[in-house]
Amino acid sequence: MVVKKNIDKVLAELAGTSCRLIAVSKTQPVDKIREAYQAGQRLFGENKAQEMASKQKELPADIEWHMIGHLQTNKVKYIAPFVALIHSIDSVKLLEEVNRQALKNNRVIKCLLQVYIAKEETKFGLDESEVSALLKPELATNYPGIEIVGLMGMATFTDNRNQIRQEFDRLKNLFDKLKQSSLPANVRITELSMGMSSDYKIALQAGSTLVRIGTAIFGERNYSKP
Ligand SMILES: *Cc1c(COP(=O)(O)O)cnc(C)c1O
């Protein structure tokens, strides 16, 4: 029952905001996910396409599956039939493949553009000029299988709360700026995915609409036993 207790604790923090919780279940066994499901949780996040696809087969159909990790183009096919939202669009090449797989499955797949906000070299994402370049009017005709519904970002892994706050604020500013601008027909900027176990309270203050929380719900991940 610790999973339910942890979920309730996060939900209490989100009360009164329009922010939704994605329970990040990567590496967690199916029975842990079921425990969260029984507590009422319906949005789950995974970072590996095949792992998500195999869990999806075993679990209730009303779960919304969110792809939050770096996605290789050759893996899109595993999740294209059912994925609710891909948070991690970090290249035109990936967008092209998601569009192709969406059309193959007669779907429109919702996506977020992952924006690079951290000071670390290792984080994937687009910079602001790449985001603007992408959001050209042709986007709607070139990619009828995708709908871009917002932005995602990951802050630097640091204890410096001010730095994290600045990075989230920067993403929120871009989000607000895009909302005001004229956008292609298949772009609707409504979701801002930011915040993990260690920094979701800062992300909430900065205006996050989707927090992605793993450890604070399920405990430490055990990579040897997925
Ligand atoms: C693993 C992961 C999370 C969740 O991290 P926790 O620290 O366990 O909450 C959130 N976002 C992304 C992109 C992740 O890969």
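The values are calculated or read from the model by the stated rules, or taken from the named source; none is laboratory data. Predicted model only: the values in this text are computed from it and were never measured. Please note: Cβ atoms are built from the backbone with ideal geometry, for glycine as well, and neighbour counts cover all protein chains shown. Accessible surface is based on the protein model in full, side chains and every heavy atom, while ligands, DNA and RNA are left aside. Shrake-Rupley method; radii C 1.70, N 1.55, O 1.52, S 1.80 Å.
So here's what we get for this one:
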item: Of the GluC sites (Glu not before Pro) in segment 58-141, those whose Cβ has at most 12 other Cβ within 10 Å and which sit in DSSP loop; result: Glu120, Glu121
item: Spatial separation of Cα centroids for segment 191-224 and segment 1-28, in angstrom; result: 9
item: In Å², nearest 10: area of Ser182 left accessible to a 1.4 Å probe; result: 110
item: Expected 222 nm ellipticity per residue - DSSP helices of 4 or more, -39500 (n - 2.57), all of the chain, to 500; result: -11500 deg cm²/dmol
item: Difference of contour (0.36 nm per residue) and Cα-Cα distance, Lys4 to Thr141; result: 44.9 nm
item: Extension gain, Asn74 back to Val92 (0.36 nm per residue minus Cα-Cα distance, nm); result: 5.1 nm
item: Modelled FRET efficiency - R0 30 Å, Asp159 with Lys179, Cβ distances, 0.05 increments; result: 0.40
item: Most to least accessible of Phe124, Phe218 (protein chains only, probe 1.4 Å); result: Phe124, Phe218
item: Percentage relative contact order, segment 2-218, counting C-alpha pairs under 8 Å, at least six apart; result: 20
item: Label-point gap, in nm, between Lys57 and Leu14 - each point 7 angstrom along Cα→Cβ; result: 2.9
